[in-house]
Amino acid sequence: MTEITERSAKEEIEAIKAENLSGRQLRLARRLAQRQGIEARSDLDAVRLLRKAGIEPFSVPDPGGSEAPSGNVPMQGGGGMSAPPARIDPEQRELSIRKIQQNLVRRRKRRIFASLAKIVIFVVLPTNIAGYYFSQMATPIFASHSKFVVQKGAGAASAGGRAAAAGGAFANVSESISVQNYIESRSVMLRLDDDYGFRELFQDPLVDPLQRLAPDASNEEAYKLYSKRVKLSYDPTEGVIGLEVSTPDPQASFEISNILRDYAEAHVRGMTARSKTDQISGAEQTLEDAEENLRSAQEAVLRLQSDLGVLNGETEISFLMNEIASLETQRLAIDLDLQELQSNPRPNAARVATMQGQIDRLDAQIAERRASLIAGGDDSASLARVQSELNSAQMELQLRQQIVASSVQNLEAARLAADQASIYLNRAVDPIISDQKSYPKVFENTLLSFLVFAGIYLLVTLTFSILREQMTT
């Protein structure tokens, strides 16, 4: 059945084509079909559907003011003439044009009123609500501002001037960022809540519902509020850290600013203490070990001197060598006298024997003194051994003294380096109690709300317009 219908439609269209209708006539038929709500796939199909609906497309007056042919007598291929078009009454034509114009004006006004209503509903009304909230309902927030600088110690300024000049204002960037991250951390928020009651400030029933913190709020919700109300800024060119604390109570903002700066100072002192401990502890331990070894060396020297009964081996050896030299001098003098006495033809035997006995005794004493240098007696060690042990102990003592002196120098150097690396917090600008609210900023927030609502409205409107155009085409 469908195929028969399509075949008959094609035959009708072919018959309409045979009428040799002009392009203007086909356009008029298409517009008339659109006004009648008839959906046609082509101009020829519009003529077919209009005739099928009992409407002769060329007998209806043209809205554009031109006369449309009323006859539907086809023009024969042999050059036959069509019937002359019917003439339209000028009054009827003017009335039709006036109705169409009124229709267009009415539709244009409806569109304008609809657009204005949408703008009022979706832009103006929400903006007025936001402005009313910011001006009448929002709880006033008071801000307290302060500034501080993280600086290196005086030792760094004196001993490391060239390095500081090379680093410039960026010499303390890592320390400043560390302090900033510490203040912005959750641990500081929890500590502030324990010390001062940060949550209670925003859980007060006097705070408006949009800014009020729920009584059973989690730590994450409290931290989001803390991040919003405690703001830090860092200027790398000057090295200045700015702190802004905003709460519903100006006194609380002032006190919290001081508390947070105290936390920052304690954090900086802890960083300095850790740095000093790491640098000095090793040097102090080395010095303690060197001093202990020095005391052991001193005790070893004293023990040797006490056990051997010698205060100084070099002195004892020098005294013994002088004594041997004196005995040898005496023996040489007696030996010369003996040789002179024996050179006489008849020497005195008793005197010769006496002098020979003196020489023998001097030789024995010299031998005894020399023996004491090399080999000791039954109860004492030799001076050579005594000297060797004392020299070893004294050399060990001198070495330990040098190590102690070097350890002392290393400790002083470590302390100097720790002083150079030490940092402290310098309070540049102290906070004050604010006498005027800082937030909300009524005009700025209302203007921002208007821009946001207007942007959303334009975005949605353009999106729907594009979709409608795509669907109609």
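The values are calculated or read from the model by the stated rules, or taken from the named source; none is laboratory data. As the structure is a prediction and not an experimental result, all values here were calculated from the model. A quick note on method: Cβ atoms are made from the backbone with ideal geometry, for glycine too, and the neighbour counts reach across all protein chains shown. Note: areas computed on protein heavy atoms with side chains; ligands, DNA, RNA excluded. Shrake-Rupley method; radii C 1.70, N 1.55, O 1.52, S 1.80 Å.
Below are the figures for this structure:
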| item | result |
| --- | --- |
| Matching option when the condition is of a type in the set (Val, Ile, Thr), surrounded by fewer than 16 Cβ atoms within 10 Å (Cβ to Cβ) and touching a Lys or Arg at 6+ places or on another chain (Cβ under 9 Å), among Val429, Val452, Val460 | Val429 |
| Enumeration of residues in the stretch 11-31 that are of a type in the set (D, E, K, R) and under 14 Å from Ala46 (Cα atoms) | Glu12, Glu14, Lys17, Arg24, Arg27, Arg30, Arg31 |
| Pairs, first under 9 Å from Ser449 (Cβ atoms) in the stretch 120-133, second aromatic (Phe, Trp, Tyr), C-beta under 6 Å, six or more apart | Pro126/Phe453; Thr127/Phe450; Thr127/Phe453 |
| Check on Asp216, open to solvent by 30 Å² or more (accessible area, probe 1.4 Å) and more than 29 Å from Pro431 (Cα to Cα) | yes |
| Boolean, Gly155 is modelled with pLDDT under 55 and either open to solvent by less than 70 Å² (accessible area, probe 1.4 Å) or not polar (S, T, N, Q) (or both) | yes |
| Candidate set: the stretch 295-320, residues that are in a helix (DSSP H, G or I), of a type outside the set (Asp, Glu) and loosely packed, with under 14 Cβ neighbours inside 10 Å; chosen: the one modelled with the lowest pLDDT | Thr315 |
| For Gly239: the one exception among (1) within 17 Å of the chain's Cα centre (by Cα); (2) on the phi > 0 side of the Ramachandran plot; (3) surrounded by fewer than 14 Cβ atoms within 10 Å (Cβ to Cβ) | (3) |
| Qualifying residue in the stretch 84-91 (condition: part of a helix (DSSP H, G or I) and either open to solvent by 50 Å² or more (accessible area, probe 1.4 Å) or modelled with pLDDT under 80 (or both)) | yes |
| Flag if Glu340 is in a helix (DSSP H, G or I), closer than 30 Å to Leu397 by Cβ and at pLDDT below 80 | no |
| Only listed residue being out of contact with any helix residue (DSSP H, G or I) (no Cβ under 6 Å at 6 or more places or on another chain), modelled with pLDDT of 70 or more, closer than 22 Å to Ala297 by Cα and surrounded by 13 or more Cβ atoms within 10 Å (Cβ to Cβ), chosen from Ser406, Ser388, Ser438 | Ser406 |
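Residue-wise test of (1) closer than 28 Å to Arg229 by Cβ; (2) not in a helix (DSSP H, G or I).
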| residue | (1), (2) |
| --- | --- |
| Ile432 | yes, yes |
| Gln436 | yes, yes |
| Phe443 | yes, no |
| Phe450 | yes, no |
| Ala454 | no, no |
| Tyr457 | no, no |
| Val460 | no, no |
| Phe464 | no, no |
| Gln470 | no, no |
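Quick grid of which residues meet (1) small (Gly, Ala, Ser); (2) exposed (fewer than 13 other Cβ atoms within 10 Å of the Cβ); (3) closer than 17 Å to Ala428 by Cα:
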residue: Leu192; (1), (2), (3): no, no, no
residue: Gly197; (1), (2), (3): yes, yes, no
residue: Pro209; (1), (2), (3): no, yes, no
residue: Glu220; (1), (2), (3): no, yes, no
residue: Tyr223; (1), (2), (3): no, no, no
residue: Tyr226; (1), (2), (3): no, no, no
residue: Glu244; (1), (2), (3): no, no, yes
residue: Thr247; (1), (2), (3): no, no, no
residue: Leu260; (1), (2), (3): no, no, yes
